[in-house]
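Working notes for the structure below.
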Amino acid sequence: MKIPYNKLYCSGNETVYIKDALKRGQISGDGYYTDLVTSFIEKRFCVGRAMMTTSATHALELSCLAIDLQQGDEVIMPSFTFPSTANAVMLRGGRPVFAEIKEETLNIDPLDVEKRISSKTRAIIAVHYAGIGCEMDKIMDLADRYGLYVIEDAAQAVNARYKGKYLGSWGDMGCYSFHGTKNYTSGEGGAILINGTDSFLNGKIETIRQKGTNRTQFLRGEVDRYCWVEVGSSYTPSDILMAFLYSQLMDLDYITAARKKIHDYYSTELQEYVKAGTLKTMTIPPDCEPNYHLFYILLPSEKLRDKVMYGLNNRGISAAIHFVPLHSAPMGVRLGYKKEELPVTENVSSCLLRLPMYTGMIREEMEYVIENLKEILKVI
Ligand SMILES: *Cc1c(COP(=O)(O)O)cnc(C)c1O
């Protein structure tokens, strides 16, 4: 049996909506389906304002443009994240300041964030790993006390909650991803969420996203033509992609429930190994309601992790490592960071293994993964 790490799930209505988008004859950005998914996101996740983007990477870039991040400004973020989080800051000439994560959640540690705040700090980017929420109450409190912006990298956390409130709706801005590897997808796609009542951020993001024009105001009928009002770029996805996404969002509950089943199966089957101290599995803190984006285990060492990974790979199971910490990656080293600076991050990254998880995964496939994992664990 071959088990891929990830596999596209289609509800079946994707082509129906795409055909309809074609029939409507308007497939550029901010069309019929873009409106539908935007209102769905705003209502369902209780966010002030959502605007669809071409990716979470672009949503992160937009948020750094919106706060007018300047040369030399510092932004605190975990090192255990995808490069896009740091690129967004560096593209503006800012400096990513890497903070340590907590072993229980692999999310940024608010105590360590506070230690790294300086007179140059402008913002904190909270990354919700595996759809498990950061301690957003503590992070928002820090931001209030020091006058910082909070941007949530909720790329993995669409439809997940912390203390009952949806991730992406806590910070000044939130960034979603609908990339092909995420739970709900349009192949490539994302959204930027703006919370609170900051009309400045709203206006700014509207114009930057629309090539620096006031086209969004024009579409609302507020001006009789649109023109260039500031420096901007193009971050609007085609309505064809949003038609695809609409179909996925209509299946949001089904997708989440299907992934929860896989999570629960893995978690239950591996309990005895956790008790015996052979490995750790991801745990869900009581304050978190995840979206079951991924399932990871932590082995006691890098050597054992690699052994288990190659063992599974040889049996046709695509288990995978995850983030190479940014601070010790070649670009991080060029920024002057040293590997030893963030020991928890380094350790977790070298011991972590993700097991296959995709919406359409059937029971036999889950069993195959676990049977093989158990066999490999017997001989390591
Ligand atoms: C997937 C991911 C991104 C990038 O998302 P895109 O939509 O592919 O740009 C950014 N940050 C994190 C934490 C991610 O997991």
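Between Ile321 and Leu219, take the C-beta separation as r, use R0 = 30 Å, and let me know the FRET efficiency to the nearest 0.05.
Details: r = 44 Å, r/R0 = 1.48.
Rounded to the nearest 0.05, the efficiency is 0.10.
Students often check this: by mean Cβ neighbours within 10 Å, which of 83-90, 373-380 ranks highest, and how do the rest follow? Walk me through the intermediate numbers first.
Numbers: 83-90: 21.8, 373-380: 14.1.
My ranking of the peptides, most packed first, is 83-90, 373-380.
Grab the DSSP H runs of the chain that are 4 residues or longer, score each as -39,500 (n - 2.57), total them, divide by all residues and round the 222 nm result to the nearest 500 deg cm²/dmol.
On the way: 15 runs with 154 residues, N = 380.
Calculated mean residue ellipticity at 222 nm is -12000 deg cm²/dmol.
What FRET efficiency comes out for the pair Asp264/Glu230, r = Cβ-Cβ distance, R0 = 45 Å, nearest 0.05?
Details: r = 49 Å, r/R0 = 1.09.
Once rounded, the FRET efficiency stands at 0.35.
Order the peptides 227-236, 304-313 from the highest to the lowest mean number of other Cβ atoms within 10 Å of their residues. Intermediate results must be reported in sequence, preceding the final value.
Details: 227-236: 15.0, 304-313: 17.2.
Result, highest mean Cβ count within 10 Å first: 304-313, 227-236.
No solvent, one uniform scatterer per C-alpha: report log10 I(q)/I(0) for the chain via the Debye equation at q = 0.12 1/Å, two decimals.
Relative scattering, expressed as log10 I(q)/I(0), comes to -0.93.
Calculate the FRET efficiency for Val379 and Tyr32 from the Cβ-Cβ distance with a Förster distance of 51 Å, rounded to the nearest 0.05. Walk me through the numbers before you get to the answer.
Working: r = 57 Å, r/R0 = 1.11.
Given R0 = 51 Å and the Cβ-Cβ separation, E is 0.35.
Please give the helix 363-379 orientation as an angle from the longest Cα principal axis of the chain, in degrees from 0 to 90, rounded to the nearest 10.
The helix 363-379 is inclined about 50 degrees to the chain.
Using a ≥ b ≥ c from the Cα gyration tensor of the stretch 233-342 (square roots of the eigenvalues), is it rounded, prolate or oblate, where a/c under 1.5 gives rounded and otherwise the larger of a/b and b/c decides, a/b for prolate?
Values: a/c = 1.98, a/b = 1.16, b/c = 1.71.
Taking the square roots of the gyration eigenvalues as a ≥ b ≥ c, the stretch 233-342 is oblate.
In the stretch 230-251, whose amide N lies under 19 Å from the spot 7 Å out along Cα-to-Cβ of Phe40? List them in ranges.
Hits in the stretch 230-251 for Phe40 at 19 Å: 236-251.
Convex hull volume of the Cα atoms in the stretch 81-147, per residue, in Å³?
Values: hull volume 5.7 nm³, N = 67.
Normalising the Cα hull of the stretch 81-147 by residue number yields 85 Å³.
How far apart, in nanometres, would the label points at Lys163 and Lys138 be if each is projected 7 angstrom from Cα along the Cα-to-Cβ direction?
Output for this residue pair reads 1.2 nm.
Work out how much length Lys7 to Leu91 would gain on full extension: take 0.36 nm times their residue separation and subtract the Cα-Cα distance, in nm to one decimal. Could you put the intermediate results ahead of the total?
Numbers: separation 84, 0.36 × 84 = 30.24 nm, distance 3.22 nm.
Answer, rounded to one decimal: 27.0 nm.
Taking a point 7 angstrom from the Cα of Val16 along the C-beta vector, which residues in the stretch 246-270 have backbone N less than 19 Å away?
Those under the cut-off are 246-256.
For Lys303, give me every one of the lysines with a C-alpha distance below 23 angstrom, ignoring sequence neighbours fewer than eight places off in its own chain.
Within the straight-line limit of under 23 Å, Lys303 reaches these lysines: Lys102, Lys275, Lys280, Lys338, Lys339, Lys374, Lys378.
Each label point is 7 Å from the Cα along the Cα-to-Cβ direction; what then is the distance between the points at Leu335 and Thr181, in nm?
1.9 nm
Using θ = phi - 60° and the Karplus relation 6.51 cos²θ - 1.76 cosθ + 1.60, list the HN-Hα couplings for the stretch 333-350 in order, rounded to whole Hz, with x at every Gly or Pro.
Here the 3J(HN,Hα) series is 5, 4, 7, x, 7, 10, 3, 5, 5, 10, x, 5, 4, 4, 5, 4, 5, 8 Hz.
Please work out how much length the chain gains when fully extended from Tyr254 to Gln71, using 0.36 nm per residue of separation minus the C-alpha to C-alpha distance, in nm with one decimal. Walk me through the intermediate numbers first.
Numbers: separation 183, 0.36 × 183 = 65.88 nm, distance 4.49 nm.
Net length gain for the segment: 61.4 nm.
Just to check I understand the Karplus step: with θ = phi - 60° and J = 6.51 cos²θ - 1.76 cosθ + 1.60, what whole-Hz values come out for the stretch 167-183, glycine and proline as x?
5, x, 9, 8, x, 4, 9, x, 10, 9, 10, 10, 4, x, 8, 8, 4
None of the figures in this text is laboratory data; all of them are computed from the coordinates on show. Everything numeric in this text was worked out from a predicted model, so none of it was measured. Using ideal geometry, Cβ is built from the backbone for each residue, glycine included, and neighbour counts are taken over all protein chains shown.
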